[in-house]
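Only the coordinates and a few stated rules stand behind these numbers; no lab work does. On a predicted model such as this, the values are computed, not experimentally measured, just so you know. Cβ atoms come from the backbone with ideal geometry, glycine included; neighbour counts cover every protein chain shown.
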Amino acid sequence: MKSSVNLHACLAALVCGCGQMAYAEGGGTVVDGAAIADESQTANWLSYGRTYSETRFSPLTQITDTNVSQLKVDWYLDLPDARMLVGTPLVVDGVIYFEAGYNVVHAVDAATGAVLWQYDPQVIETAGERLRIMWDQSRGLAFWKGKVYSATIDGRLIALDAATGKELWNVMTVDPELPFFITGAPRAFKDKVIIGNGGTEFGPIRGYLTAYDADTGEQAWRFFTVPGNPADGFEDETQAMAAETWTGEWWKHGGGGTVWHGLTYDPELDLLFIGTGNGAPWNQRIRSPGGGDNLFLCSVVALDPDTGEYRWHYQTVPGETWDYNSNMDIVLADLDIEGRTVKALMHAPKNGFFYIIDRETGKLVSAEPLGHMTWATHVDMETGRPVEVAGSRYEDHREDVWPGPLGVHSWHAMSYNPGTGLVYVPTIDLPGSYVDEGIDVEKWESTDWGFDAGVAPPFVADIATDAGTSALKAWDPVRQELVWEAANPGAWNAGTLTTAGNLVFQGHATGELKAYRADSGEEVMSFDVGAGISAPAITYTVDGKQHLAVLVGWGGALAAIGGSLNAQFGWAYKAHTRRLISFSLDGTAALPEAAPPVIPEPLEAPGFKVDEALAKEGELTYSKICGFCHGTGVVSGGFAPDLRASAVVPSSVSFAEVMHGGSRRAMGMPSFSGLSKEEVTALQHYIRRQALPKEDLP
């Protein structure tokens, strides 16, 4: 592991009195439960959602709806080794902490942008063959009593000294023989740090959440979200109860239910709320052939934070079969509903409903459609269950269903403003086609380390530029109705920040950072940062001055798989510099002139003759191991190179050096030594077929 210190920056911090050196001398904020719970403090951003409530609301008022148009760049930090930047930085006493470039942790002076230290966990080296299922992305860090906690894509949880970047402890949280990865941000409370994982589409995964001692890294407890093999005995009565809702031999498929996002601690009730993921595989006919609710898939589960013991649950999609996970934000607020104060939990999962749940009891208060959906008509308030549309489970035919696997709301952060009483939700309108025709549901087995959800292969057909739309919606959670909405470009835009200055900030796929009046939705600022934005903004103060900061770098699922729907914005692989940018009302810096959008052109290779039979064989291989990064139909969304334009692919020697020899591993391209020579050749012919002009296709 590498830790490097920028001595010049440290000396600068000492001279200017910025928080890093003061903290190292023992002063500064003690980041504990009381500090993270404090809604009134404004200098810092201490946890993923700013405070334990996860509202992403700041009481700061220096920047308002009347002066936000005057925002200027204070400083920027180029991050040339980064690709997907989707995370929320933390700010503690004038220092910004964030991850960029395979979980490299940065500590930066929040007033100047000077790098104080960096820590490189050597993810590519540590991941080994598991690199083939891993994206270069992280949604954030945790901070607790002078320590920074990083959860790496390869499955480790690492504690660092916040003053120096020195590694304090390092623990592997997953079985490295299974296709687990981590993209989510850990959370810290009560001297514990919690983290989940992902990986349900790549192998027989059983989801769980683990708590570790914040000081030593020792495991405190673990909660499994789906039951294991009954023959092995259940960990507790909760697992036995959950097993009654499954049928067949579900444990052979893992079950799923991973906790890759959606973690909220409630210090008032002393409860931990977790959002759980979809089934593994998606297709319920395979994993639980006799039906059943399949607990705790697609649920909000309340746990005892000290022991991990089950307290209550609410399931949003019983027996889910569409990838409608509930890993989205869990936001806490006290709401006045029908004359009584409800300790509310607000949740907008993929399935398209906006839920209000009484967080004391788990009882459903209300649920209404947030966006376009065709899988269900409404939620029955007597049973709390969705009323499904007949045929939507694609039992005997292909079914186009809204929403698709990306959901009406994905992981992009929503925010809640107590002043307006509104929740600001980035929404998506994009269907999915589901079919299991040709799949033997009785004999299907998960393909380890290859994308297989038990439905027709994804990533084969390109996604058209007009296939989906999106919008920022201001939602009244009490009345459960839309108050205003602003159209977004494409279908993949960043999360939100809201402030007491009557503002909502959101980054767009076009590279514009926009601000809206929180009460009316009127656009009051647009700033072109020169590259697509996928991360939510934060705000903080240094020496009493309010700053706004955002990581700029196209990222997330649709930036990888999105095909032409995302490629149209021109954020091609490594064509544009990634950055952390800080703004204020009196900034004096200027961003370098941005490179124009780049849309890769398929490479002509007249000497390569496509064999259609081989190309057909290679199509399935591409779907399982390549499309996850290089895009549907071999049209890159921007995360990885567009292989149609690659000069490597037409050369059998060069292509084999990449696929078998790992010649591009240092750049994040794993080797696939398990593929036969024939499979590599077939894959080569499929990619080149996709590069041909339409009129030349067989």
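Distance from the Cα centroid of the range 643-698 to that of the range 547-566 is 25 Å (rounded to whole angstrom). With the simple spin-label model, which puts each label point 7 Å out from Cα in the Cβ direction, the ASP448 to ASP306 separation comes to 4.1 nm. The 3J(HN,Hα) values that the Karplus relation (6.51, -1.76, 1.60; θ = phi - 60°) gives for the range 241-258 are, in residue order, 5, 5, 4, 5, 9, 10, 9, x, 10, 4, 5, 5, 9, x, x, x, x, 5 Hz. Gly and Pro appear as x. Neighbours of VAL478, meaning other residues whose beta-carbon lies under 13 angstrom from its beta-carbon, give a summed charge of -4 when Lys and Arg score +1 and Asp and Glu score -1.
Which residue, chosen from VAL598, LEU141, SER676, occupies the Cα position most advanced towards the positive end of the dipole of the chain, where the dipole is computed from +1 (Lys, Arg) and -1 (Asp, Glu) charges on Cβ about the Cα centre? Toward the positive end, the furthest listed residue is VAL598. Average projection, convex hull of the Cα set of the chain: 28.3 square nanometres.
Can you tell me, using C-alpha contacts under 8 Å and at least 6 residues apart, the relative contact order of the range 80-225 as a whole percent? Walk me through the numbers on the way to the answer.
Numbers: 348 pairs, mean separation 23.5, N = 146.
The value is 16 percent.
Projecting the Cα atoms of ALA666, ALA613, ILE625 onto the charge dipole of the range 612-696, computed from C-beta unit charges around the Cα centre, puts ALA666 farthest toward the positive end. With a simple spin-label model that places each label point 7 Å from the Cα along the Cα-to-Cβ direction, the separation between GLU218 and LYS363 comes to 4.1 nm. Legend: ranking of residues ASP543, ASP213 from fewest to most surrounding C-beta atoms inside 10 Å; resulting order ASP543, ASP213. From the Cα gyration tensor of the range 197-326, with a ≥ b ≥ c the square roots of its eigenvalues, which class applies: rounded if a/c is under 1.5, or else prolate if a/b is larger than b/c, or else oblate? Prolate is the answer for the range 197-326, as a/c is 1.5 or above and a/b outweighs b/c.
Rounded to the nearest whole Hz, the Karplus-based 3J(HN,Hα) values (6.51 cos²θ - 1.76 cosθ + 1.60, θ = phi - 60°) of the range 313-318 follow the sequence 8, 9, 9, 7, 9, x, with x at glycine and proline. Need the C-alpha centroid separation for the range 53-67 versus the range 229-286, integer Å. Going from one Cα centre to the other spans 37 Å.
Taking the beta-carbon count within 10 Å as an exposure proxy, list PHE459, PHE234 from fewest neighbours to most. Show your work: numbers first, answer last.
On the way: PHE459 24, PHE234 16.
Going from sparsest to densest Cβ surroundings: PHE234, PHE459.
Placing unit charges on each Cβ (+1 for Lys and Arg, -1 for Asp and Glu) gives the range 302-429 a dipole about its Cα centre, and among ILE428, ALA413, THR307 the Cα reaching farthest toward its positive end belongs to ALA413.
With the contact rule set at Cα under 8 Å and sequence spacing of 6 or more, what percent relative contact order holds for the chain? Write down the numbers at each step before the final one.
On the way: 1949 pairs, mean separation 88.1, N = 698.
Across the chain, relative contact order equals 13 percent.
To the nearest 20 Debye, how big is the dipole of the range 580-642 about its Cα centre, given +1 on the beta carbon of each Lys and Arg and -1 on that of each Asp and Glu? Result for the range 580-642 is approximately 180 debye, rounded to the nearest 20.
Annotation for GLU244 and GLU338: the two label points, set 7 Å from Cα along the Cα-Cβ direction, are 2.9 nm apart. Using the Cβ-Cβ distance between GLN122 and ASP400 with R0 = 56 Å, the FRET efficiency computed as 1/(1 + (r/R0)^6) comes to roughly 0.80.
Maximal additional length on extending the ASP528-MET172 stretch stands at 124.1 nm, based on 0.36 nm per residue less the C-alpha distance.
In terms of distances greater than 32 angstrom between alpha carbons, the cross-link table entries LYS545/LYS574; LYS443/LYS616; LYS147/LYS252; LYS72/LYS574; LYS363/LYS443 yield LYS545/LYS574; LYS147/LYS252; LYS363/LYS443. Filter the GluC sites (Glu not before Pro) in the range 161-219 to those in DSSP coil with at most 12 other Cβ atoms within 10 Å of their Cβ, and list the result. Hits after loop and neighbour filter: GLU177, GLU218.
The slack between LYS677 and LYS694, meaning 0.36 nm per residue of separation minus the straight C-alpha distance, is 3.3 nm. For the range 589-629, the list of GluC sites (Glu not before Pro) that fall in a loop by DSSP and count at most 13 other C-beta atoms within 10 angstrom reads GLU593, GLU604.
Rounded to the nearest Hz, the phi-derived 3J(HN,Hα) couplings of the range 520-525 under the Karplus curve 6.51 cos²θ - 1.76 cosθ + 1.60 (θ = phi - 60°) are 10, x, 5, 6, 10, 7, where x marks glycine and proline. Tell me the mean residue ellipticity at 222 nm calculated for the chain from its helices only (DSSP H runs of n ≥ 4, each -39500 (n - 2.57), averaged over every residue, nearest 500). For the chain, the value works out to -3000 deg cm²/dmol. For the chain, a simple Cβ point-charge model (Lys and Arg +1, Asp and Glu -1, everything else neutral) yields a dipole of about 1260 debye relative to the Cα centre. Taking the Cβ-Cβ separation of ASP476 and THR383 as r and a Förster radius of 35 Å, what is the calculated FRET efficiency to the nearest 0.05? Computed FRET efficiency for ASP476 and THR383 comes out at 0.90. Looking at the chain alone, DSSP beta bridges between its own residues are antiparallel in about 95 percent of cases. Note on THR577, THR66: ascending count of other Cβ atoms within 10 Å places them as THR66, THR577, the fewest first.
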